[in-house]
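The values are calculated or read from the model by the stated rules, or taken from the named source; none is laboratory data. As the structure is a prediction and not an experimental result, all values here were calculated from the model. Heads up, the Cβs are rebuilt from the backbone with ideal geometry, glycines too, and the neighbour counts pull from every protein chain shown.
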Amino acid sequence: MGRALVSILGLLLLIALPLTAAFFLLERKPEGLAFRAVSFADLPGWDADDLSRTLPALHRSCDRILTFPMNRRIPGARIGGRARDWEAACQDILLVNDGPALRTVLQEHFQPLEVSASGEPMGVFTGYYETMLHGSEQKSERYHVPLYLRPPELVSVDLGTFRADLKGRRIAGEVKNGKLIPFADRAEITGGALKGRDLELLWVDDPVDAFFLHIQGSGRVQMPDGSLRMVGYHDQNG
């Protein structure tokens, strides 16, 4: 997971919501978090940034948002508002195809906010890294590292259901002869503990990338024909 120490000034661009929605945001904000409206001129690099690079993502997002019922909440309910709050902005965003025009549209529809937490001018933002792998449905000399489906015998136990002081703790294993025993560990699985059971979801070409996929919990696999497969965490072996 990436992490960066950044200046709080100009970190958020929030749509100019109706007053009631803005009031809802302020009522629900975490304790100590403060917002102050600033101008776009206060955003470092605003006039120099190549905004055209954001257009593919903005177009995809707006295409999706405009299919929603107007009263539907946008994910991130505290600041996302509802689909109707994005309608005018998205309609204009979909009409532009270059950076300068996009800059004008954003300045018309959005309000930059200075964010501070308990008066602190600096903050830590976290980001999520989604690894990109290259893979195939068929094993080959290149694609030789398996990504496994969840073995059916794998059992996950929530210990909090047995004792209150163990709430939030869990173990995983498999049942043999009426007893829960540890499941195969990473080394055993890498060594072939699940081999030959038709549990291979995909085959990828890099064991290091597969390792980071296990750590992150989700990622994308580019197939030989260029298509992408999304893969995600299902369970763990211990």
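Annotations
- The residues in segment 160-172 that are surrounded by 13 or more Cβ atoms within 10 Å (Cβ to Cβ) and closer than 13 Å to Gly238 by Cα can be counted, and the count is 3.
- Segment 121-150, residues that are within 30 Å of Ala37 (Cβ to Cβ) and either surrounded by 10 or more Cβ atoms within 10 Å (Cβ to Cβ) or touching a helix residue (DSSP H, G or I) at 6+ places or on another chain (Cβ under 7 Å) (or both): Pro121, Met122, Gly123, Phe125
- Residue within segment 105-113 that is within 30 Å of Gly219 (Cβ to Cβ) and either at pLDDT below 90 or not hydroxyl-bearing (Ser, Thr, Tyr) (or both) present: no
- Gln91 passes every criterion in (1) in the same structural domain as Ala37 (by TED's automatic domain parsing); (2) in a loop (DSSP other than H, G, I, E, B); (3) modelled with pLDDT of 95 or more apart from (2).
So that you can scan it fast, the table gives a plain yes or no per residue for (1) touching a residue at least 40 places away in the same chain (Cβ under 8 Å); (2) small (Gly, Ala, Ser); (3) not in a helix (DSSP H, G or I):
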site: Leu194; (1), (2), (3): yes, no, yes
site: Arg197; (1), (2), (3): yes, no, yes
site: Leu201; (1), (2), (3): yes, no, yes
site: Asp209; (1), (2), (3): yes, no, no
site: Ile215; (1), (2), (3): no, no, no
site: Gly219; (1), (2), (3): yes, yes, yes
site: Asp225; (1), (2), (3): no, no, yes
site: Met230; (1), (2), (3): no, no, yes
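- Residues in segment 215-232 that are within 19 Å of Pro152 (Cβ to Cβ) and surrounded by 12 or more Cβ atoms within 10 Å (Cβ to Cβ): Val231 only.
- All positions within segment 105-122 that are assigned to a strand (DSSP E or B) and in contact with a Ser or Thr (Cβ under 8 Å, 6 or more places away or on another chain): Pro112, Met122
- In the set Leu94, Leu113, only one residue is closer than 17 Å to Leu43 by Cα, hydrophobic (A, V, I, L, M, F, W, C) and surrounded by 15 or more Cβ atoms within 10 Å (Cβ to Cβ); that residue is Leu113.
Each row is one residue, and each column tells you yes or no for (1) surrounded by 12 or more Cβ atoms within 10 Å (Cβ to Cβ); (2) not aliphatic (A, V, I, L, M).
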| site | (1), (2) |
| --- | --- |
| Glu174 | yes, yes |
| Lys179 | no, yes |
| Ala193 | yes, no |
| Asp206 | yes, yes |
| Leu213 | yes, no |
